[in-house]
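Asks: For reference, the structure I am asking about is given below.
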Amino acid sequence: MLHSQLESCLRECVQDLLPDADLSQVILLPCRDTRFGDYQTSSLIALAKQRKLNPRQLASSVLEKLSLERLHIKAELAGPGFINFHILPQAITENIAAACQSETPFVRRAKVSQSVVLDFSSPNIAKPMHVGHIRSTVLGSCLARLHRLIGNNVISDNHIGDWGTQFGKLLLGWKNHLDKVALEKDPIGEMERLYKLVNAATEADETVLEEARAELVKLQSGDPENFGIWQQMVRLSQSQFDTLYSRLGVAFDYTLGESFYNDRLKGVVDDLVAKGIARESEGAYVVFFDDKPELAPHPAIVQKRDGAFNYASTDLATLEYRTQNWKPDQILYITDGRQQLHFKQIFTTFNRWKGNTHVKLVHVWFGTILGNDGKPFKTRSGEVIKLADLLNEAEERALSVVSEKNPDLPEETRRNIARVVGIGAVKYADLLPSRQSDYQFSWDKMLAFNGNTAPYLLYAYARIRSIFRKNQDEFSSSFKPESIEDKDLIFSTPQELSLAKHLFSFGITLEQVAEDSRPNILCNYLYDLAGLFASFYENCPVLKAIDSEKTSRLVLCHLTAKVLQMGLHTLGLETLEEM
RNA sequence: GCGCGAGUAGCUCAAUUGGAUAGAGCGUCAGCCUCCGAAGCUGAAGGUUAAGGGUUCGAUCCCCUUCUCGCGUACCA
């Protein structure tokens, strides 16, 4: 990989000159403004400053020591102490030819494979998955794919909400008001109806609430009848989840819900109390954070006054289980930003409880999806939007667009295109905004065929595939990328050069995404790639070119398609041969 | 009150975490189909990055003050 080779060279030079320098501070990045060069480092300015050296002088001594002939890169000193690097033509052909040999071109596998646990999606039993589950599910599965692609070891775990006080009301409703026909037809809808029914009744009548509590206590103490009903509710819900996950192309290695940790909760709290981490306060067991100013006003309850456990105790038990059984290097929790305080409490408590385990705990939080009015996205009547309805509408809208643009395609083909485009558009629209900000949901923007959208990227891919179909039909020539050598290649137009160089940055982009769990960086990279391809496509005829020019352009098409496909798959999108 | 976010072109959003002249899409205006998919491409106009101060070679980004909005803040997750 050109970038990492160059960065290593740079670091070696710095080490020779300043043996005690922290090399992780020496960073090489693709140039923002390509007029200056292809790669740039500004690290030497900072380094010189720390040591009270003249930045330009330091940069110039580094420059003298750098020998880049082997890499075919030209370097120059600029401004207050930048070094700009220009990729020479030989480096481009060599690296493009090398990429042709790879199954995953331009991707750099991790030197040391990390073990990463991802906690995402986490829907609740007996409730429909709704718009609020999109971001966690889409972002989480994207990160899982990303870590696998760059060579990490991934364990995804769906921590479903299958235990809690709501089951008292559900059980009461199930026993007294269950409509078996409705349950058959729409299990989640029926369970939701039961919950709402009983919930309303409890508000009107105190005794109903008592009955519900009694059912909950029976469930918790292992009453066979209630346990059996609960199992049914879990099974019915899980099958609905599975339907949605399959539409979304999402899979989990484990589904260990809250109930899995039931029999560990008491032990967790006992241990916390024994170690002096939690203590009794106002009847509850509570962890205080007096030594941490930001958390001092926010103690965490690990066992409620009525003796019940809550999500803090469950999350601690879960964390203990995961670290003991899976020994991960990192655990990523992909949830709503509103849980920031909760996870700060959990992480702090866990570190105090288990000492300094090496596991890195990260709360990957995200903002809210808003409607056109800038308020949380709801239906007109104020209801939460169900995920299934959202996906249906996305596919319907996509189908009507495809049918309008391409009426001659058979219906089955159009439906498949609509599926890929519709679901892809939902996912892409969710991953594109920087995750910590809220974003405004818009069908029109999402399914537009221009701008930074899924359809635009899928279109770029489909156009490339169309070139290869035509190449075979009309020219009956077969194209074998694996037999390409650098001497077969020549790139001369600015469009070819920009496109080729942008391909080189795929690997570093993936690493940046993994570093901060920010897929929008990948979205923007792919959008730029598609844009560069589009202008290459306008300016550089492929099939009409001859000899090495044609080969070179076919290679660029091939690698662009490959990178687009890898990138889109990482985001969770399928690709289409035609659309 | 405290904490976490957000405030960037008319609108919706970016900006490689301190880099050189802040970028896209929509909308507006002007061009490009006897040419591999026009679902595309090229160009123009549009900015005191909420306001003010500070740090330095350099600030949308870091620090301080102020304003506006969202979320969280002892027993729901």
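The values are calculated or read from the model by the stated rules, or taken from the named source; none is laboratory data. As the structure is a computational prediction, the values presented were derived from the model and not from experiment. Backbone-built Cβ (ideal geometry, glycine too); neighbour counts: all protein chains shown. Side chains are part of the model used for accessible areas, which takes the heavy atoms of the whole protein and leaves out ligands, DNA and RNA. Shrake-Rupley method; radii C 1.70, N 1.55, O 1.52, S 1.80 Å.
Asks: Which residues, counting only those in segment A:292-326, are more than 14 Å from A:V269 (Cβ to Cβ), touching a strand residue (DSSP E or B) at 6+ places or on another chain (Cβ under 7 Å) and surrounded by fewer than 19 Cβ atoms within 10 Å (Cβ to Cβ)?
Replies: Hits for segment A:292-326 are A:P299, A:W326.
Asks: Among the numbered criteria (1) touching a strand residue (DSSP E or B) at 6+ places or on another chain (Cβ under 9 Å); (2) open to solvent by 80 Å² or more (accessible area, probe 1.4 Å), which one does A:L256 miss?
Replies: (2)
Asks: Determine whether A:A296 is touching a residue at least 40 places away in the same chain (Cβ under 8 Å) and assigned to a loop (DSSP other than H, G, I, E, B). Break it down into steps so the answer makes sense when it comes.
Replies: Working: touching a residue at least 40 places away in the same chain (Cβ under 8 Å): no; assigned to a loop (DSSP other than H, G, I, E, B): yes.
Criteria not met by A:A296.
Asks: If you don't mind, there's one more thing I want to ask. Being surrounded by fewer than 16 Cβ atoms within 10 Å (Cβ to Cβ) and not hydroxyl-bearing (S, T, Y) is the filter here, so list the residues in segment A:197-219 that pass it. Please lay out each step first, then the result.
Replies: Going through segment A:197-219, the residues surrounded by fewer than 16 Cβ atoms within 10 Å (Cβ to Cβ) turn out to be A:197, A:200, A:203-207, A:210, A:214, A:217.
Within segment A:197-219, A:L197, A:A200, A:E203, A:A204, A:D205, A:E206, A:E210, A:A214, A:V217 qualify.
Asks: Could you name every one of the helices (runs of 4 or more DSSP H) located completely within segment A:392-479 that has at least 2 residues being aromatic (F, W, Y) and either surrounded by fewer than 18 Cβ atoms within 10 Å (Cβ to Cβ) or near RNA strand B (Cβ under 9 Å from one of its atoms) (or both)?
Replies: Output list reads A:454-475.
Asks: Do we have any residue at all in segment A:313-331 that's touching a residue at least 12 places away in the same chain (Cβ under 8 Å), assigned to a helix (DSSP H, G or I), within 22 Å of the chain's Cα centre (by Cα) and farther than 24 Å from A:F260 by Cβ?
Replies: No: zero hits.
Asks: Quick check, is A:F106 aromatic (F, W, Y) and away from RNA strand B (no atom under 14 Å from the Cβ)? Break it down stepwise before answering.
Replies: Values: aromatic (F, W, Y): yes; away from RNA strand B (no atom under 14 Å from the Cβ): yes.
Here the answer is yes, as A:F106 does meet what is asked.
Asks: What are the residues in segment A:136-164 that are of a type in the set (S, T, N, Q) and in a helix (DSSP H, G or I), if any? Write out each step before concluding.
Replies: Narrowing segment A:136-164 to residues of a type in the set (S, T, N, Q): A:136-137, A:141, A:152-153, A:156, A:158.
Within segment A:136-164, A:S136, A:T137, A:S141 qualify.
Asks: Run A:P80 past the list (1) open to solvent by 70 Å² or more (accessible area, probe 1.4 Å); (2) touching a residue at least 60 places away in the same chain (Cβ under 8 Å) and report the number of the one that doesn't hold.
Replies: So the condition that A:P80 fails would be (2).
Asks: Kindly check whether there is at least one residue in segment A:482-495 that is open to solvent by 50 Å² or more (accessible area, probe 1.4 Å), more than 9 Å from RNA strand B (Cβ to nearest atom), without any contact (Cβ under 8 Å) to a residue 24 or more places away in the chain and under 30 Å from the mean Cα position of the chain (by Cα).
Replies: no
Asks: Which of the residues belonging to segment A:13-32 are out of contact with any strand residue (DSSP E or B) (no Cβ under 9 Å at 6 or more places or on another chain) and in a loop (DSSP other than H, G, I, E, B)? Give the derivation first.
Replies: Going through segment A:13-32, the residues out of contact with any strand residue (DSSP E or B) (no Cβ under 9 Å at 6 or more places or on another chain) turn out to be A:13-25.
Scanning segment A:13-32 gives A:L18, A:P19, A:D20, A:A21, A:D22.
Asks: Criterion first (among the basic types (K, R) and either touching a Leu at 6+ places or on another chain (Cβ under 6 Å) or part of a loop (DSSP other than H, G, I, E, B) (or both)) does A:K544 satisfy it?
Replies: Values: among the basic types (K, R): yes; either touching a Leu at 6+ places or on another chain (Cβ under 6 Å) or part of a loop (DSSP other than H, G, I, E, B) (or both): yes.
For A:K544, the condition - among the basic types (K, R) and either touching a Leu at 6+ places or on another chain (Cβ under 6 Å) or part of a loop (DSSP other than H, G, I, E, B) (or both) - is met.
Asks: Mind listing whichever residues of segment A:83-129 are part of a strand (DSSP E or B) and crowded, with 21+ Cβ neighbours inside 10 Å?
Replies: The first filter runs over segment A:83-129 and keeps only residues part of a strand (DSSP E or B), leaving A:83-87, A:115-119, A:124.
Across segment A:83-129, the qualifying residues are A:I83, A:F85, A:I87, A:V116, A:V117, A:L118, A:D119.
Asks: Of all residues in segment A:29-67, count the ones that are within 10 Å of RNA strand B (Cβ to nearest atom), open to solvent by 70 Å² or more (accessible area, probe 1.4 Å) and under 19 Å from A:I87 (Cα atoms).
Replies: Qualifying residue count, segment A:29-67: 5.
Asks: Next question. Confirm whether A:L10 is more than 10 Å from RNA strand B (Cβ to nearest atom), part of a loop (DSSP other than H, G, I, E, B), modelled with pLDDT of 90 or more and buried (at least 17 other Cβ atoms within 10 Å of the Cβ). Give the derivation first.
Replies: Details: more than 10 Å from RNA strand B (Cβ to nearest atom): yes; part of a loop (DSSP other than H, G, I, E, B): no; modelled with pLDDT of 90 or more: yes; buried (at least 17 other Cβ atoms within 10 Å of the Cβ): yes.
Against the criterion (more than 10 Å from RNA strand B (Cβ to nearest atom), part of a loop (DSSP other than H, G, I, E, B), modelled with pLDDT of 90 or more and buried (at least 17 other Cβ atoms within 10 Å of the Cβ)), A:L10 does not qualify.
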